[in-house]
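One structure below.
The values are calculated or read from the model by the stated rules, or taken from the named source; none is laboratory data. The shown structure was predicted, so the numbers you read here are calculated from the model rather than taken from an experiment. For neighbour counting, all protein chains shown are included, and Cβ atoms are generated from backbone atoms with ideal geometry for every residue, glycine included.
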Amino acid sequence: MGSVVKSGSGSNVKIVFVYLLVSFLLLQKCSSQLLNYIHVNVVNDLGDNIDIKMHCKSKDDLIGERWVHYKEDFAWQFKRNFLGTTLYWCWMTWYDTSAGHWIVGSYEIYNAKTDVNNCGLHCNWSVRKDGLYHHLPWGWEKIYTW
Ligand SMILES: *[C@@H]1O[C@H](CO)[C@@H](O)[C@H](O)[C@H]1NC(C)=O
């Protein structure tokens, strides 16, 4: 009996230790993202001579509007808010010569809830003819189609 109680309390100590370690690591990860700037980078990968007009903003931060040439990027940095509700979206348009008309779309480009894990402090996007690709821990993944 006595030995059962002992081994039980021993594993409790282990669980508490693991819990503390995990909390510490999570806290460290979160606070590093609260203290540091998050860099968002949206690259025009549409093809030669295709420009994108882009306009990005959050509820209280306006990044502005400009033309982005092929292989150039639209980039900005910000600090995530404490509640983790930081959200940026971008409106963009480009002329699709093969379709013969303008393509227009508005997409969520940064969402603190998911991007804390998806991209950390460097969040990259690639704008391509078939859609918008996000750089995730395992590589580029198409998130939106036009
Ligand atoms: C993300 O963009 C930055 C700035 O252009 C670049 O330095 C970095 O290598 C990019 N990371 C990936 C995974 O593409």
- Query: Among the residues of the range 87-126, which ones are of a type outside the set (A, V, I, L, M, F, W, C), farther than 19 Å from residue 59 by Cα, out of contact with any Asp or Glu (no Cβ under 7 Å at 6 or more places or on another chain) and in contact (Cβ under 8 Å) with a residue 60 or more places away in the chain?
  - Reply: 120, 122, 124
- Taking interchain pairs and intrachain pairs at least six residues apart, which have beta carbon atoms under 9 angstrom, with the first residue in the range 128-146 and in contact (Cβ under 8 Å) with a residue 40 or more places away in the chain and within 16 Å of residue 105 (Cα to Cα) and the second hydroxyl-bearing (Ser, Thr, Tyr) and exposed (fewer than 11 other Cβ atoms within 10 Å of the Cβ)? 129/98
- Message: It is to be established whether one or more residues within the range 89-106 are assigned to a strand (DSSP E or B), charged (D, E, K, R) and more than 15 Å from the ligand (Cβ to nearest atom).
- Response: yes
- Message: Just to check your reading of the model, which residue among 18, 40 is more than 20 Å from the chain's Cα centre (by Cα), surrounded by 10 or more Cβ atoms within 10 Å (Cβ to Cβ) and modelled with pLDDT of 85 or more?
- Response: 18
- Message: I'm trying to understand the selection: among the residues of the range 107-139, which are loosely packed, with under 15 Cβ neighbours inside 10 Å, away from the ligand (no atom under 13 Å from the Cβ) and in a strand (DSSP E or B)?
- Response: 108, 131
- Message: Please go through the range 68-99 and give me each residue that is in contact with a helix residue (DSSP H, G or I) (Cβ under 7 Å, 6 or more places away or on another chain) and of a type in the set (Ser, Thr, Tyr), ordered by number.
- Response: 85, 86
- Task: Output the residues belonging to the range 127-142 that are of a type in the set (A, V, I, L, M, F, W, C) and in contact with an Asp or Glu (Cβ under 9 Å, 6 or more places away or on another chain).
- Result: 127
